[in-house]
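The values are calculated or read from the model by the stated rules, or taken from the named source; none is laboratory data. This is a predicted model, so every value here is computed, not measured. Don't worry about glycine lacking a Cβ; one is built from the backbone with ideal geometry, like all the others, and counts go over all protein chains shown.
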Amino acid sequence: MSLKVALSPLTGAAVDGVIAELVADKVASRVFAKDFTLWGKEAEDESSKRLGWVTSAIDSQALVPGILALRAEFAAKGVNRFVLCGMGGSSLAPEVITGTAGVELVVLDSTDPAQVGAALAGDIHRTAVVVSSKSGSTVETDSQKRVFEHAFTAAGIDKTDRIVIVTDPGSPMEAAAKADGYRIFNADPTVGGRYSALTAFGLVPSGLAGADIQGLLNGAAAASELLSSDAETNPGLVLGAVLARTASTEGFRDKVGIVGDGSPIVGFGDWAEQLIAESTGKIGRGVLPVVLNTSSPEVANRPTDLVIARLVADASSAHEDEVSISGSLGAQFLLWEVATVVASRLIGINPFDQPDVESAKIAARGMLEQRAEIEAPRFVSEGVEVRTKNLSIPDVDTLGQALRALFAELEADGYVSVQAYLDRTALPQAAELREQIARVTGRPTTFGWAPRFLHSTGQYHKGGPRQGVFLQITSSGETDLDVPGRDFSFGELIASQAAGDASVLAALGRPVLTLTLQDAVAGLNAIKNAIG
């Protein structure tokens, strides 16, 4: 499938304004030559260490035989159920790759005790686990690893025979894994997590699950020549210009809606969302990605600051103020990575750092260590506890009033962020709130499953333009699960992550409404009815 990007008159006009400059500056060929000076002097230290992704399609070829051999070894032992423990870029790319290939992979990217318990509940005797972390210090992934180690040992299974480690060379996780005797696949340390789809982080779990990883790499390699060309027809330059410079008479468009419309790729928007948000959302600037479907309110009634990027089977043309994109999955991974760094150059930011991600982690650790008494709710309505930060609701005593108070804080260029600290496998209906809120507010609305979004779009919410209003949905469910070898449970961990992030957002001047469900299904229905 050839890689294509088609423009409408509006998006074409935006590209016309900057494409000649990008070509004259040889931006495309310099990206593929790993020129770390493209994003300014202040970015050089970080960018000099983070450009390995441009050759991942070639560099990762050496991984394929080992991954396929391990898959065959597992199959010979009757091991055919694979669980991935990872967060952010470590989990989102494998989920897209396996979803598109139609093969099963259990993605555990949560600290919700019910979701962790569900992953554990599968047949442990035919299960193998991939634990993915660049640094090896991610608390979520460490906790998930511990619980599976305990489960394998309890079942009389050698944990080192069933757990595979994917990490950077020299990381704390690699040192511990070597000491314990685990099999290790090293990723490229010159590739950041959100650009790691074509490295060991994307390939190991996907290949073990049965996806065609050789074909994936071939598709990306075939697109490299086109994407490295200094030509006005280069899809990476064109899409990058759309992301960074789409404008209309109403002003600058700093939000992009990603819509799957006939593309054979499954779930691509979630991966692109974390790539764009974490790369561009900093120093008060950025492009807000919003994952939509063809019937979403933002598509039918277009906010003036939103442009639509439509993933289609064949991008021969584009509607209205849109851009259409088609191509194989490997080619699309590389295309959007190139487009994101091109957009970052035009916006004037470093696409490879994430200065605001750590703030939520620090706050969560503080909450966990202090074990502070849970703040009393402002009120409880229909089994939903209502708490606020930086949002005044003195005379409010219903869910509907609380939600309207939050939405009233929306500015003309604002957006709503819904953050669901829930079991996404058991409560997928929570995502339906996104459509409903977008319809009621008339503003772009993002939806993130927590805590995984903290490792991706969380950077934009804290480092990007101060436009967001935030709705947290948490649960006080009866299910909990201890983290082996730690003095906290998964329930305590996810609660601390929600409270920590709310504190950071509020400290940045943003309003946060936290709704805690005493009963998850009934509580979600109550919120849905309250939105109206």
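Of note:
- Matching residues in region 356-390 - criterion: being touching a Pro at 6+ places or on another chain (Cβ under 7 Å) and more than 21 Å from residue 508 (Cβ to Cβ): 385, 386
- A residue that is farther than 26 Å from residue 291 by Cα and among the β-branched types (Val, Ile, Thr) can be found somewhere in region 183-192.
- Filter result for residue 297 (under 20 Å from the mean Cα position of the chain (by Cα) and either over 28 Å from residue 314 (Cβ atoms) or buried (at least 21 other Cβ atoms within 10 Å of the Cβ) (or both)): no
- The lone criterion from (1) among the aliphatic types (A, V, I, L, M); (2) closer than 22 Å to residue 191 by Cβ; (3) crowded, with 24+ Cβ neighbours inside 10 Å left unmet by residue 116 is number (2).
- From the list 510, 486, the one residue that fits, being buried (at least 18 other Cβ atoms within 10 Å of the Cβ), in a loop (DSSP other than H, G, I, E, B) and outside the structural domain of residue 282 (by TED's automatic domain parsing), is 510.
- Residue count, region 14-50 (criterion: without any contact (Cβ under 8 Å) to a residue 60 or more places away in the chain and more than 26 Å from the chain's Cα centre (by Cα)): 9
- Test: residue in region 404-425 that is over 30 Å from residue 271 (Cβ atoms), modelled with pLDDT of 95 or more, touching a Ser or Thr at 6+ places or on another chain (Cβ under 6 Å) and part of a loop (DSSP other than H, G, I, E, B): no
- Selection within region 135-174 - in contact (Cβ under 8 Å) with a residue 24 or more places away in the chain, more than 22 Å from residue 122 (Cα to Cα) and of a type in the set (Gly, Ala, Ser): 135, 136, 137, 171
- Set 110, 56: member being outside any loop (DSSP other than H, G, I, E, B), buried (at least 20 other Cβ atoms within 10 Å of the Cβ) and modelled with pLDDT of 95 or more: 56
- Each residue in region 319-330 was checked for being touching a Pro at 6+ places or on another chain (Cβ under 9 Å) and of a type in the set (A, V, I, L, M, F, W, C), and 2 pass.
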